[in-house]
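Notes to accompany the following structure.
The values are calculated or read from the model by the stated rules, or taken from the named source; none is laboratory data. Here the structure is a predicted model, which means the values were calculated and not measured. Heads up, the Cβs are rebuilt from the backbone with ideal geometry, glycines too, and the neighbour counts pull from every protein chain shown.
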Amino acid sequence: MRPLSIVLSTSVLLASSAGAQTQDYPSTESGSISQVQVVAPSPSFQFRDYEAEAISGGYAMSNGWRMKVDPTSDGIVAQIDRQHPIRLVALSRDLYASRDGNVSMEFNRGALGDEMLMSYVPGSRTGQVAVVTVTSKTALAQR
């Protein structure tokens, strides 16, 4: 019975470390993942187009990815490298999330307001959330 528990614990350890070697792009495909999210009702947020304009542009991310942000009528569209664009709706002036809740981006962070934090559920079907930071917009974004 003891060797079986050692084999199981070793396989769990190897499986958990294998996911850390690769980093999937954010995915908003629902597939076979089930989730329940319970949140308290928040006061309604009145989105203004100029708020998305202020954060639009290019971003160099801490993991080497490049992201382009464009404004839409109810939020933003973010495209990382050459992946499919991700549509995010505005939840507040600085917080945007995909409709399925798998991707969220918080802008205007840090002492100078030039940092962004992105959290997402990777598409590798693991129970984890990845967090990527951006220290400032790239020169491409500065107009």
- Hey, among the residues in the range 102-143 that are modelled with pLDDT of 65 or more and of a type in the set (G, A, S), which one's nearest to G75 (Cα to Cα)? S104
- Message: Out of the residues in the range 92-113 meeting the condition of being of a type in the set (S, T, N, Q) and in contact (Cβ under 8 Å) with a residue 40 or more places away in the chain, tell me which one is nearest to P26 (Cα to Cα).
- Response: N102
- Task: Go through the residues of the range 6-23 one by one and say whether even a single one is modelled with pLDDT of 65 or more, of a type in the set (G, A, S) and surrounded by fewer than 12 Cβ atoms within 10 Å (Cβ to Cβ).
- Result: no
- Query: So which residues in the range 90-108 are on the phi < 0 side of the Ramachandran plot and loosely packed, with under 15 Cβ neighbours inside 10 Å, if there are any at all?
  - Reply: S92, R99, D100
- Quick one: in the range 30-47, of everything that is surrounded by 10 or more Cβ atoms within 10 Å (Cβ to Cβ) and under 16 Å from V89 (Cβ atoms), which residue is modelled with the highest pLDDT? F47
